[in-house]
Amino acid sequence: QVQLVESGGGLAQLGGSLRLSCAASNNIFSISRVGWHRQAPGKQRELVARITGGGETYYSDSVKGRFTISRDNVKGTVYLQMNSLKPEDTAVYYCNCAGLGWGQGTQVTVSS
């Protein structure tokens, strides 16, 4: 497996925005389903959003209407645009792709 690399996390205020990136160099990435997951302290890892190789998107109820997943297959990158952030969005965010596994995560912290 080739490790995925997440970036773009940081500190945001309530109502703010962040954009996460998931990058891979493996050539199967561009045709594979990719998901963003998050894990907060004391909680299990949960699916946030996912996108197919054809661009079909899916969102969890907790982020629907606030987050947008997209991809640029030329750059080999999947993005997660996070708007209207809430403190409950605080977590480590991970990228996952079948056949490539998990990245090491990027920390997102939202303060009130």
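The values are calculated or read from the model by the stated rules, or taken from the named source; none is laboratory data. Just so we're clear, the structure is a prediction, and the values are computed from it rather than from any experiment. As a convention, Cβ positions derive from the backbone with ideal geometry for all residues, glycine included, and neighbour counts pool all protein chains shown. For the accessible areas, the whole protein counts, side chains as well, though only heavy atoms, and no ligand, DNA or RNA atoms are used. Shrake-Rupley method; radii C 1.70, N 1.55, O 1.52, S 1.80 Å.
Summary of values
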| read-out | value |
| --- | --- |
| Value of relative contact order over the chain, rounded to a whole percent, pairs C-alpha under 8 Å and six or more apart | 38 percent |
| Estimated translational D of the chain in µm²/s (Stokes, Kirkwood radius over Cα pairs; 20 °C; 1.002 mPa s) | 155 µm²/s |
| For the chain, Cys with no neighbouring Cys Cβ under 4.7 Å | 97 |
| Computed accessible area, residue 30, all protein chains, 1.4 angstrom probe, square angstrom | 40 Å² |
| Accessible area per residue in Å² at 1.4 Å probe, computed on the chain | 52 Å² |
| Table column - 3J(HN,Hα) (Hz), region 62-75, Karplus curve with 6.51, -1.76, 1.60, x for Gly and Pro | 5, 10, 4, x, 10, 10, 9, 9, 8, 8, 10, 6, 5, 7 |
| Net length gained if the chain between residue 86 and residue 19 were fully extended (0.36 nm per residue, minus Cα distance) | 22.7 nm |
| For residue 61, solvent-accessible area (1.4 Å; no DNA, RNA or ligand), Å² | 130 Å² |
